[in-house]
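Here the structure comes first, spelled out in structure tokens, and everything after it is commentary.
The values are calculated or read from the model by the stated rules, or taken from the named source; none is laboratory data. Here the structure is a predicted model, which means the values were calculated and not measured. Cβ sites come from the backbone with ideal geometry, for glycine too, and all protein chains shown count toward neighbours. SASA here: full protein model, heavy atoms, side chains in, ligands and nucleic acids out. Shrake-Rupley method; radii C 1.70, N 1.55, O 1.52, S 1.80 Å.
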Amino acid sequence: MSLPKTADIVIIGGGVMGASVAYHLAARGQKNVLLLEKDAFFGQGATGRCAGGVRYQFSTEVNVRLSLASLPMLEQFEAEIGQAIDFRRCGYLIFLTTPQDVAIFKHTLAMQNKLGVKTEWLSGEEVRRRLPLMRLEDVLAATYNPGDGLVDPHGVVMGYIHAASRLGALALNNVEVTGLHLTGGYVTAVETNAGTVTTPRVVNAAGPWAGLIGRMAGVNIPITPVRRQMLTTTPLPEISPDFPFVIDFAQSLYFHREGEGLLTGMSNPGQAPGFDQDIDTHWELVHLEAASARLPLLEKAGLVSHWAGLYEVTPDAHPIFGVTPVEGLYVCAGFSGHGFMHGPVTGKLMSEIILDGKAQIVDVTALDLARFSEGRLIQEYNVV
Ligand SMILES: Cc1cc2nc3c(=O)[nH]c(=O)nc-3n(C[C@H](O)[C@H](O)[C@H](O)COP(=O)(O)OP(=O)(O)OC[C@H]3O[C@@H](n4cnc5c(N)ncnc54)[C@H](O)[C@@H]3O)c2cc1C
């Protein structure tokens, strides 16, 4: 398929955000929607490298509200979009080892419960009872939500892209946006390696690369790419099928069942920002040592696969939704390592912002780009 000369709306980035925006715009009747992805396949950026976790457990109301809107969309995904996404409600169990985290999580659990999220408080004893294979002597408490779980990211991306295409949108691979044309403060065209497309509206859904797209229009979008990595193991029959998504919060260390084995990852707090997606073999050893200390069973597991991807980190660990100082240029990016689960609601929100001038389904006015220059940051604590 060749690049059209014009489009009503161009979306940059074929990850979960771009795919969801394309579908939701097409579902609202927008016919001339063009999605451009630089890679040979859709969803190979942060989305295709993520852990697939979906959760209600956040520390700010707006993130909980995004989950309250987005997770039911994932539950309805197959019925609405016609694509299976393997939603496994294994629950997230986040365990705490410091008095400070216990105090903070008690507070945020009350907020979640007030919003109707049924997160539960577990004592250290209860955590040790539920996870007999793990070494958890130092665990003080945990939060657990049985409605949290895992979803297949590729199914979500391709489901949205196919559904958008059926509704008339055009999604192209191997098209890299290399520049934006502006006239008098308005966006007028997108320049690519395959030619120029004139358009009055552009959505920057370039994930970890969104700051680079902003720069093409002279707009500062404070998103820092930060490498994160994980690995999967050979089968471990001892791990029960109902093993939850377990997070050792203080160490940013996590485990969940993946096929017959486990997936585990640990965030490196000293990771320098950058676009490098090679495996850091030194950090992998640090990670494996910490993981085996928690779950000694791992010592007898083999490595099946490992990979690195990029978190798209904003200064307050919240995403950026909506308009920019350039008329016609919108942004939805910066989900700071927990955006896959908010992909569905983001597409709907962006369709509302673009077509109605205002988000309806969740109030995201506090998550505008202007908050950074106006000092209105709201910090998310539950970042893994
Ligand atoms: C290791 C890891 C684990 C994670 N675990 C989870 C998790 O368990 N749960 C969760 O909810 N989130 C998780 N995340 C975060 C989640 O992956 C992201 O928040 C989300 O996928 C961001 O989606 P996106 O569409 O904004 O970005 P991406 O998926 O990166 O999509 C952006 C796309 O834009 C394309 N692009 C960039 N520049 C251009 C250009 N110039 N022209 C054309 N195309 C361009 C890229 O190639 C890319 O495909 C994790 C992330 C990582 C890295």
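So the values come out like this:
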{"quantity": "Qualifying residues in the range 174-201 (those that are crowded, with 16+ Cβ neighbours inside 10 Å and within 11 Å of the ligand (Cβ to nearest atom)) - the one nearest to residue 325 (Cα to Cα)", "calculated": "180"}
{"quantity": "Some residue of the range 139-152 being under 28 Å from residue 217 (Cβ atoms) and either buried (at least 17 other Cβ atoms within 10 Å of the Cβ) or at pLDDT below 95 (or both)", "calculated": "no"}
{"quantity": "Selection within the range 233-256 - surrounded by fewer than 20 Cβ atoms within 10 Å (Cβ to Cβ) and in a strand (DSSP E or B)", "calculated": "none"}
{"quantity": "Given (1) surrounded by fewer than 19 Cβ atoms within 10 Å (Cβ to Cβ); (2) within 13 Å of the ligand (Cβ to nearest atom), index of the condition residue 31 fails", "calculated": "(2)"}
{"quantity": "Residue in the range 318-336 that is assigned to a loop (DSSP other than H, G, I, E, B), surrounded by fewer than 24 Cβ atoms within 10 Å (Cβ to Cβ), away from the ligand (no atom under 13 Å from the Cβ) and of a type in the set (Ser, Thr, Tyr) present", "calculated": "yes"}
{"quantity": "From the options 147, 159, residue that is out of contact with any strand residue (DSSP E or B) (no Cβ under 8 Å at 6 or more places or on another chain) and part of a loop (DSSP other than H, G, I, E, B)", "calculated": "147"}
{"quantity": "Where a residue in the range 19-38 is assigned to a loop (DSSP other than H, G, I, E, B) and its partner, wherever it lies, is within 13 Å of the ligand (Cβ to nearest atom) and at pLDDT 95 or above, with Cβ under 6 Å and at least six apart", "calculated": "37/14; 37/173; 38/176"}
{"quantity": "Candidates 348, 358, filtered to the one that is within 16 Å of the ligand (Cβ to nearest atom), out of contact with any Leu (no Cβ under 6 Å at 6 or more places or on another chain) and open to solvent by 60 Å² or more (accessible area, probe 1.4 Å)", "calculated": "348"}
{"quantity": "Any chance residue 116 is part of a loop (DSSP other than H, G, I, E, B) and over 26 Å from residue 354 (Cα atoms)", "calculated": "yes"}
{"quantity": "Lone qualifier among 286, 313 - being among the aliphatic types (A, V, I, L, M), within 20 Å of the chain's Cα centre (by Cα) and open to solvent by 30 Å² or more (accessible area, probe 1.4 Å)", "calculated": "313"}
